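The values are calculated or read from the model by the stated rules, or taken from the named source; none is laboratory data. Quick caveat: nothing in here was measured; it's all calculated off a predicted structure. Here the Cβ is made from the backbone with ideal geometry for all residues, glycine too, and neighbour counts use every protein chain on show.
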Amino acid sequence: MTDPTSTTLRIPTFDDVKAAKERISGAAHRTPVLTSRTADRRTGATLFFKAENLQRAGAFKFRGAFNAIATLDPSSPRRSVVAFSSGNHAQAVAYAAKLQGVEATIVMPKDAPEVKVAATRGYGADVVFYDRYTEDREEISRSIAAERGAVLIPPYDHPDVIAGQGTAALELIDEVGEIDLLVVPLGGGGLLAGSALSARALSPASAVIGVEPEAGNDGQQSLRKGEVVHIPVPKSIADGALVTHVGYHNFPILQRSVDDIVTVTDAQLVETMRFFAERMKILVEPTGCLAAAAVMGGTIGTAGKRVGILLSGGNIDLEKFSSLLRGQ
Ligand SMILES: *Cc1c(COP(=O)(O)O)cnc(C)c1O
């Protein structure tokens, strides 16, 4: 998306998050909030892990995708959506569309992992391939949208997507009560913006901190500079957070309601994945570990605080998981 003026944007509010919660309830899991004495002892804090690795399709992205699809005009004759992604958003849109009887087309790179292509097709979506070196996926998606009368569902830069993502933090605070700090993984800012809306409304004294990979700190730069900063495609094992800039619907919310953005290294992510597997018996993908790594690794001081932590996803195949652990 090119830089639009803020007057053309519909920035979501907490009311939109509450409306999203109504729409997705019954479809999205209310995921558990996990605790760990070991983690509490290490940090001196009381940590509440919202386990979106156990969400349908394996990540919080199902919330935003389901909400955005649920707002489509029910009276239009042919309901159809298109998304471009090789990751969790693709599977979320495919699955959420299937559950709502909507056609989905997912635009994926030709060299996308076979398991992801199979999973997306398994949800009934039509997969269209593009060459990531010679073709522009946004252009392809737009032409599919025009040809098939499909509505484009972006991964983060969209008010209904942001509102849907905000429901995870809403459930977390609803369950554990007010917290001192909420820590959230950051890619394009759908999860962080939505979470900030919920935290400001339900736990107003809480600080909100976003965490991105050290190799791609565009969000941190943007917050410091006061405008959306673009960077080259970053390299990190946090493959769900490799964006070149945060969203334009997201940034005003981050500016208003996020206190800080910090970064963690790939080594910290691997250490955190290991902790979750060994100690808490859960599989969290590298991107899903961003927030926890910043807390457990001491990047963010949490002693004496009640801290909400979003574990954003669990989609990693076991070969990859074990090779990351071995590589350490
Ligand atoms: C997409 C994704 C993120 C980043 O979310 P944004 O809304 O783009 O900031 C974090 N973790 C996982 C597992 C994801 O799939």
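Among the candidates ALA104, ALA94, the residue that is more than 16 Å from the ligand (Cβ to nearest atom), over 14 Å from the mean Cα position of the chain (by Cα) and without any contact (Cβ under 8 Å) to a residue 60 or more places away in the chain is uniquely ALA104. Listed conditions (1) touching a residue at least 12 places away in the same chain (Cβ under 8 Å); (2) surrounded by fewer than 18 Cβ atoms within 10 Å (Cβ to Cβ); (3) farther than 22 Å from THR263 by Cα are all met by SER203, apart from (2).
State yes or no: is ALA146 away from the ligand (no atom under 15 Å from the Cβ), in contact with a Ser or Thr (Cβ under 8 Å, 6 or more places away or on another chain) and either of a type outside the set (A, V, I, L, M) or more than 26 Å from ALA19 (Cα to Cα) (or both)? No; evaluated as a whole, the condition is false for this residue. Apart from one condition, ARG10 fits all of (1) closer than 30 Å to PHE129 by Cβ; (2) part of a loop (DSSP other than H, G, I, E, B); (3) touching a residue at least 24 places away in the same chain (Cβ under 8 Å); (4) more than 18 Å from the chain's Cα centre (by Cα); the exception is (1). Restricting ALA193, ALA169, ALA205, ALA201 to those that are assigned to a loop (DSSP other than H, G, I, E, B) and of a type in the set (A, V, I, L, M, F, W, C) reduces the list to ALA205. Criterion applied to ILE282, ILE316, ILE253 was being touching a residue at least 12 places away in the same chain (Cβ under 8 Å) and buried (at least 22 other Cβ atoms within 10 Å of the Cβ), and the one residue passing it is ILE253. Checked against (1) among the acidic types (Asp, Glu); (2) within 15 Å of the ligand (Cβ to nearest atom); (3) modelled with pLDDT under 95, ASP73 passes all but condition (2). Residues of the range 148-165 include none that is under 19 Å from the mean Cα position of the chain (by Cα) and over 20 Å from ALA94 (Cα atoms). Taking the numbered list (1) out of contact with any strand residue (DSSP E or B) (no Cβ under 6 Å at 6 or more places or on another chain); (2) charged (D, E, K, R); (3) touching a residue at least 12 places away in the same chain (Cβ under 8 Å) in turn, GLU135 passes all entries but (3).
Taking SER80 as the residue in question, decide whether it is under 18 Å from ILE153 (Cβ atoms), in contact (Cβ under 8 Å) with a residue 12 or more places away in the chain and under 18 Å from the mean Cα position of the chain (by Cα). Spelling it out, it is not the case that SER80 is under 18 Å from ILE153 (Cβ atoms), in contact (Cβ under 8 Å) with a residue 12 or more places away in the chain and under 18 Å from the mean Cα position of the chain (by Cα). Selection of the range 112-128 for residues being touching a Lys or Arg at 6+ places or on another chain (Cβ under 7 Å) and either free of Cβ contacts under 8 Å to residues at least 24 places away in the same chain or not aromatic (Phe, Trp, Tyr) (or both) yields GLY124, VAL127. Checking the stated criteria, THR46 turns out to be away from the ligand (no atom under 13 Å from the Cβ), among the polar types (S, T, N, Q), touching a Lys or Arg at 6+ places or on another chain (Cβ under 6 Å) and at pLDDT 95 or above. For the range 110-162, a residue qualifies if it is farther than 30 Å from THR13 by Cα, aliphatic (A, V, I, L, M) and surrounded by 14 or more Cβ atoms within 10 Å (Cβ to Cβ), and the qualifying residues are ALA112, VAL117, ALA119, ALA125, VAL127, VAL128, ILE140, ILE144.
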